[in-house]
Amino acid sequence: MNVIADLHLHSKFARACSKDITLQNLEKYAMMKGINLLGTGDFQHPKWIAELKSQLNDDGKGILHTKTNYPFVLQTEISLIYSQDGKGRRVHNVVLAPNFETANQIIEYLGKKGRLDYDGRPIFSIPCPQFVDDLRKINKEIEIIPAHAWTPWFSVFGSKSGFNSLQECFLDQTKHIHAIETGLSSDPSMNWRVSGLDNVALISSSDSHSHWPWRIGREATVFSMNDLSYSELIKSIRENKIAETLEFYPEEGKYHFDGHRACGVCLTPNESIALKKICPTCKTELTIGVANRVEELADKPEGRKPANARPFRNLIPLSEIIAHVIHAPIASKKVWEEYLKLIVAFGNEIAVLSASFDDLKKYTDERIARAISHVDKVKWKPGFDGEYGVPLFEGKTATEFKPPKNSVLKSTQRGLSEF
Ligand SMILES: [Zn+2]
Ligand SMILES: [Zn+2]
């Protein structure tokens, strides 16, 4: 069976996240999106784990079910900040746990090293190799996955924070790193240029900070599993049994190109290299994005496909496509109505995004049907220095994704502005 999983999210207790991220909302919108398995997010947070324990039942196979039988897996993200070789390092890692008992032990371990209650993504000064070793001493079924591996500020390969290889970061524990999260600003084909990643699975998750369907599942991994259980999930990760990954267009990611948001400067890797990575406006160092960083670490040419490469598809969230075509804000009633019409017709968003033009136009405006089915021809205003990229359909200038002043979806406003 194929399971479409989003294994990296956050709860309402994480900073800069929507206060409406409840298990009920996650379940509701994951089903609308077409996601079959969600990470819980933030399992070490004292209030969130209490909710998880009171609302979810472990089926004995490490999958936690809501009362209406939607499956979750215990997941969190931990920020490790330390120095190595005289350089400050900041690496985010996603952690998956097989059951509440193991989660309790991880909480006890982390609780001895720092506070757990101020964020869903708490910071510790534990070096990555020690973190892996310590967690494996708790339970070898715990999976540690470097999160959004290429983003500049908090990742294993980040231009401002990271390392030049998994080995340099994880040292003798590298053998226990079976996957990396490619993040929104890179897709597998970019990662295929780094032969040092040939032996890890490339997985994709949303890192969502809200429950809305244009955030959760915006990236996801389709695992091929014998049954829905934690051990099968881990096996799929460790053995790269991935049917495909669902990806953002890397250009839409917030750190694809280089630049300075405050200075309004966005540059391609070649342009910023020509400027010696110095901002032409403020004369300080540019935020070097993912495309440039991949280029720096690549040892293979563009177009290279390693033997274990898995298929992937680039998708734009359906709400965004509709918003752009009808020139209305993403959180407006008009967009939402059109969105729901398609969800009712096709069952879920991933099914809509996979449908043909002929099928789509039976249920929606022809321009929307064309935008969905020809979405591969979209041009981009690429993301840089924390700003999302914007798709330019039919060459038109896109409406910015700013929520309206009197949004019908009040909580969306908050969710978006906090993101
Ligand atoms: Zn992170
Ligand atoms: Zn600048």
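With a requirement of 1 or more residues that are away from ligand 2 (no atom under 16 Å from the Cβ), within 21 Å of residue 393 (Cα to Cα) and free of Cβ contacts under 8 Å to residues at least 24 places away in the same chain, the helices (runs of 4 or more DSSP H) lying completely within segment 257-371 that satisfy it span 333-346, 357-361. Of all positions in segment 231-239, none carries a residue that is within 16 Å of ligand 1 (Cβ to nearest atom) and outside the structural domain of residue 338 (by TED's automatic domain parsing). Here segment 200-238 is the region considered, the condition is being aliphatic (A, V, I, L, M) and in contact with a His (Cβ under 7 Å, 6 or more places away or on another chain), and the residue that is farthest from residue 353 (Cα to Cα) is 200.
The residues of segment 270-283 that are surrounded by fewer than 19 Cβ atoms within 10 Å (Cβ to Cβ) and not polar (S, T, N, Q), listed by number, are 271, 273, 274, 275, 276, 277, 278, 280, 282, 283.
Once segment 18-30 is narrowed to residues that are more than 15 Å from residue 67 (Cβ to Cβ) and in contact with a Ser or Thr (Cβ under 7 Å, 6 or more places away or on another chain), the residue that is modelled with the lowest pLDDT is 18. The residues on offer are 231, 210, and the sole one that is farther than 30 Å from residue 20 by Cα, more than 16 Å from ligand 2 (Cβ to nearest atom) and among the polar types (S, T, N, Q) is 231.
Considering segment 67-112, the residues that are farther than 22 Å from residue 141 by Cα and among the aromatic types (Phe, Trp, Tyr) include one that is farthest from ligand 1 (Cβ to nearest atom), namely 70.
Quick one: in segment 204-233, of everything that is closer than 17 Å to residue 310 by Cα and over 9 Å from the mean Cα position of the chain (by Cα), which residue is surrounded by the most Cβ atoms within 10 Å (Cβ to Cβ)? Steps first, please.
Taking segment 204-233 as the starting set, the residues that turn out to be closer than 17 Å to residue 310 by Cα are 204-205, 219-225, 233.
Filter once more, so that each one left must be over 9 Å from the mean Cα position of the chain (by Cα): 221-225, 233.
Details: 221: 30, 222: 22, 223: 27, 224: 13, 225: 19, 233: 26.
Among residues in segment 204-233 that are closer than 17 Å to residue 310 by Cα and over 9 Å from the mean Cα position of the chain (by Cα), the one surrounded by the most Cβ atoms within 10 Å (Cβ to Cβ) is 221.
Looking across segment 167-203, the residues that are charged (D, E, K, R), surrounded by fewer than 21 Cβ atoms within 10 Å (Cβ to Cβ) and in a loop (DSSP other than H, G, I, E, B) come down to 193, 198.
Counting just the residues of segment 281-326 that are acidic (Asp, Glu) and in contact with a helix residue (DSSP H, G or I) (Cβ under 7 Å, 6 or more places away or on another chain), which one comes out farthest from residue 178 (Cα to Cα)? Lay out the reasoning, then the answer.
Residues of segment 281-326 that are acidic (Asp, Glu), as a first pass: 285, 295-296, 299, 302, 320.
Next, from what is left, pick out any that are in contact with a helix residue (DSSP H, G or I) (Cβ under 7 Å, 6 or more places away or on another chain): 295, 299.
Numbers: 295: 23, 299: 21 Å.
Residue satisfying both the conditions and the ranking: 295.
The C-beta contact set for segment 52-69 (first residue within 18 Å of residue 233 (Cα to Cα), second residue among the aliphatic types (A, V, I, L, M), distance under 6 angstrom, 6+ apart or interchain) comprises 58/64; 63/228; 64/56.
For segment 158-169, indicate whether the set of residues that are of a type in the set (D, E, K, R) and either outside the structural domain of residue 240 (by TED's automatic domain parsing) or within 16 Å of ligand 2 (Cβ to nearest atom) (or both) is non-empty.
To start, the set of residues in segment 158-169 that are of a type in the set (D, E, K, R) comprises 160, 168.
Checking the rest, the ones that are also either outside the structural domain of residue 240 (by TED's automatic domain parsing) or within 16 Å of ligand 2 (Cβ to nearest atom) (or both) come to 160.
Yes; the residues of segment 158-169 include at least one that is of a type in the set (D, E, K, R) and either outside the structural domain of residue 240 (by TED's automatic domain parsing) or within 16 Å of ligand 2 (Cβ to nearest atom) (or both).
The values are calculated or read from the model by the stated rules, or taken from the named source; none is laboratory data. This structure is a prediction, so every number in the text was calculated from the model and none was measured. All Cβ positions, glycine included, derive from the backbone under ideal geometry; neighbour counts span all protein chains shown.
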